[in-house]
Every structure is written in C-alpha cells, then in structure tokens.
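Asker: One structure, as structure tokens, below. Some questions next.
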Amino acid sequence: MFKREFWVKYFPADVRNKKVVEFLELKQGNMTVAEYAAKFESLSAFSPYYNTPEAEYDKCVKFESGLRPEVKHLIGFSEIRDFPTLVNKSRICDEDGRAKSNYYKAVNDNKRKGQDRAKPYGDKNKKNGESSGGRRKSSGNCYKCGETGHKIAECPQKVRA
C-alpha cells in the first residue's frame, strides 16, 4: 500500500509510462555496455515484470537485443541467460572491441604522420642518377648512339638488321 501511494504521489502515471516506453525502446547506441546496463537496470524498475526471477530469461533477451551489432554478434551465440553474467561478458567484449579499434586507429594515424604525401614511398629506393621509377635520369645523350643533340627516334644511325 505504501509503495502504491508513493508511486502515485511522486511518479505520476504519465511519467511512469514514458519510462516504460523508454525502457522498451532502449538501445546501446554510443554508450559503453556498463552505461547501457546501468540505464537498463534503472529503467527496468518501471517495468516490474522484468524484475521477477521468472523473467530472467526475458530480461536477458531484452538486454541482448539492445546491444550494438558487433557486441551482440559475439555474445548472442552463447545464449547466456543469467543477467549478471550476460552483462559482464558483454562488457568485456565491448571493451576489447573498443581497445582493438583504438589500437588500429592509432597505428593508421602513425602511418599517415610518418609518410610524405607527395612521395608515399619516400626516397629509400633511389640510387645515384635514378628517379623513383628506377630509370636513369636522361643525360641528354641518344640512347642508340650515345651522342647529344637528338633523341633515339631521330638518330641518324640506321637500324642494322
């Protein structure tokens, strides 16, 4: 009786109903699993069904359905139906996924910082007199006869057959 009177006085029906809808539509989104679980628990208070021992299975299914796809994918096949275990395993998967993502982002950022954008491979492969394509720089001499003043297409020497 006290609980009912308390709810009536401090939590009007329209506010409770909004919280129930918020709970039913709750998704992890950009929250961490820990933040999602805390919000899930606080909002589930407005849906008394989910706070009974008989509803443990449904509570786990509801929680799992709101997880981000990459976490849900890793957790879903396990079919964990103990709520604290589900939250803990989901949290671990989420933290590992975020750490992996941050690691690869940092590696890619470091690669971009160390790379000369005009010359993506740097000057490592250059030898004296070579361009980055591996060919010798032109000295102005004809490649056929070795004389200066003309190109190979204009070389006065006849092609010998």
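We did not get these values from a lab; they are worked out from the coordinates using the rules stated. Keep in mind that what you see is a predicted model, and the values were worked out from it rather than measured. Positions of Cβ are backbone-derived with ideal geometry, glycine not excepted, and every protein chain shown enters the neighbour counts.
Asker: Where the only charges are on Cβ atoms (+1 Lys, Arg; -1 Asp, Glu), what is the dipole of the range 2-113 about its Cα centre, to the nearest 20 debye? Intermediate values should be presented prior to the final figure.
Answerer: On the way: 21 positive and 17 negative charges, 106 e Å.
In total the dipole reaches around 500 debye.
Asker: So who's got an amide H within less than 5 Å of the one on Arg68, skipping anything under 5 residues away but keeping other chains? H placed 1.01 Å off N, in plane.
Answerer: Correct list: Gln28, Gly29.
Asker: If you don't mind, another one. I need the Debye-formula profile for the range 2-113: one equal scatterer per C-alpha, no solvent, reported as log10 I(q)/I(0) at q = 0.11, 0.17 1/Å, two decimals.
Answerer: Rounded to two decimals, the profile gives -0.45, -0.84.
Asker: Could you list the GluC sites (Glu not before Pro) in the range 1-50 that lie in coil according to DSSP, counting only those with at most 14 other Cβ atoms within 10 Å of their Cβ?
Answerer: Answer by residue number: Glu25.
Asker: Quick one: net charge of Ser65's neighbours, Cβ under 14 Å, K/R +1, D/E -1?
Answerer: Net of charged neighbours comes to +2.
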